[in-house]
Amino acid sequence: MDYVILSLVLLAIGIYGLLTKRDLLKVFVSVELIATAATMNFVMLVPSLGKGLGEAFLVLAFATDTCVSGVILALLVIVHKKYGTSDISDLVKNEENKKDEVEA
Amino acid sequence: MILELLSAGLVISACLAIFLDEAVYSVVALAGTFFLTSMLYALSGSIFAAVFQFAVGAGTLAILFLSGEMLSETPVKVPQKTLLSLVAVGVLLSLPAVFLSISDQATIFSGITFEEALWDLRAIDVVLQGFVIMTVALGIVIILHEKRKGGK
């Protein structure tokens with residue numbers, strides 16, 4: 001079994017979700033899958049990089065992943081509180097309606 | 001054999017996490033993905049990575065469950081046929097990972113300790129990440145302070 005191909009498959013699923021799903025929670029799940037794929041690459045590279053360097057990369061990847069998750073979740077909650085929806089299409093429609101009202 | 005089964009389960013749960021409509025079910029599938037990834041790391045000898053993955057996954061999922069519950073609207077019943085087809089797609093997608101392989105890479109950096117790698121090779125990354133986390137924390141403090149001021 002090869003971790004490179006497994007991480008590539010996970011990356012592909014994540015990118016597909018990122019491009020096709022309109023719900024912000026699904027976008028978040030897709031970002032998490034992409035991050036998992038990236039982390040898997042680091043884990044796979046540990047034997048060839050040396051244990052210390054591999055673990056250092058891993059720690060940095062996890063730290064970045066956690067920061068990204070925190071920011072996306074905060075945005076998700078704020079958007080849902082402000083607009084009452086987490087659907088990107090609805091948010092765009094809301095903004096367009098607002099613009100039309102201002103122009104009229 | 002166990003690793004192959006775990007990788008197939010990982011891809012299936014990733015597919016379910018993306019394609020299931022209900023937010024809570026999607027989060028449960030993501031929890032499965034994190035758990036299986038952690039198991040995969042542990043079984044292939046990377047205990048350090050497994051523990052980290054498990055800890056980060058548990059933290060993320062606790063918050064995701066709350067926000068998923070908060071954001072989800074009326075529950076949607078998933079048809080059995082859709083669920084089965086999603087599992088079939090997951091199994092198909094996991095086949096390349098099970099049967100194909102890429103040749104091992106040559107050893108580049110061997111014999112470097114964790115501390116050396118973190119502070120000598122990746123010092124800028126570590127400092128910058130610390131800076132980013134500090135900025136986020138400061139931002140939160142400022143927002144809460146402004147909110148408090150506005151409330152009064």
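Sorted by accessible area with a 1.4 angstrom probe, largest first, how do B:24, B:127, A:102, B:87 fall? Mind showing how you got there, number by number?
Numbers: B:24 30, B:127 95, A:102 125, B:87 55 Å².
Solvent-accessible surface, decreasing: A:102, B:127, B:87, B:24.
Find the relative contact order for chain A and round it to a whole percent, using C-alpha pairs within less than 8 Å whose residues are 6+ positions apart. Present the calculation step by step, with values, prior to reporting the outcome.
Details: 78 pairs, mean separation 27.2, N = 104.
In percent, rounded to a whole number, it is 26.
Summing charges over neighbours of residue B:30, with a neighbour being any other residue whose Cβ is under 11 Å away from its Cβ, gives 0 when K and R count +1 and D and E count -1. Which of the aspartates and glutamates could a cross-linker span from residue A:98 if the Cα-Cα distance has to be under 13 Å and same-chain partners fewer than 8 positions apart are dropped? By straight Cα distance, residue A:98 reaches A:90.
With the Cα gyration tensor of the protein assembly as shown giving a ≥ b ≥ c as the square roots of its eigenvalues, does the rule (a/c under 1.5 for rounded; else a/b larger than b/c for prolate; else oblate) give rounded, prolate or oblate?
Numbers: a/c = 2.33, a/b = 1.27, b/c = 1.84.
Verdict is oblate for the protein assembly as shown.
What part of the accessible area of the protein assembly as shown, given as a whole %, is carbon or sulfur when the probe is 1.4 angstrom?
On the way: 10290 of 14630 Å².
Carbon and sulfur: 70 percent of the exposed surface of the protein assembly as shown.
Pairs with C-alpha atoms separated by more than 22 Å, drawn from the list A:81/B:149; A:99/B:147; A:26/B:147, are A:99/B:147; A:26/B:147. The length gained on full extension between residue A:88 and residue A:20, counted as 0.36 nm times the residue separation minus their Cα-Cα distance, comes to 23.4 nm.
Mean Kyte-Doolittle hydropathy of -0.5 or higher plus an axial Cα length of 30 Å or more: which whole DSSP H helices in chain A meet both?
On the way: long enough: A:24-49 (37 Å, 1.68); A:51-83 (47 Å, 1.26).
For chain A, where a helix must reach 30 Å along its axis and average at least -0.5, the hits are A:24-49, A:51-83.
Going by a ≥ b ≥ c, the root eigenvalues of the Cα gyration tensor, does region A:2-103 fall in the rounded group (a/c under 1.5), the prolate group (a/b larger than b/c) or the oblate group? Prolate. Label 7 Å along Cα→Cβ of residue A:101; region A:67-85 residues with amide nitrogen under 19 Å? From region A:67-85, the list is A:79-85.
The values are calculated or read from the model by the stated rules, or taken from the named source; none is laboratory data. Not measured: the values here are computed from a predicted model. Cβ atoms come from the backbone with ideal geometry, glycine included; neighbour counts cover every protein chain shown. All accessible areas refer to the heavy atoms of the entire protein, side chains included, with ligands and DNA or RNA removed. Shrake-Rupley method; radii C 1.70, N 1.55, O 1.52, S 1.80 Å.
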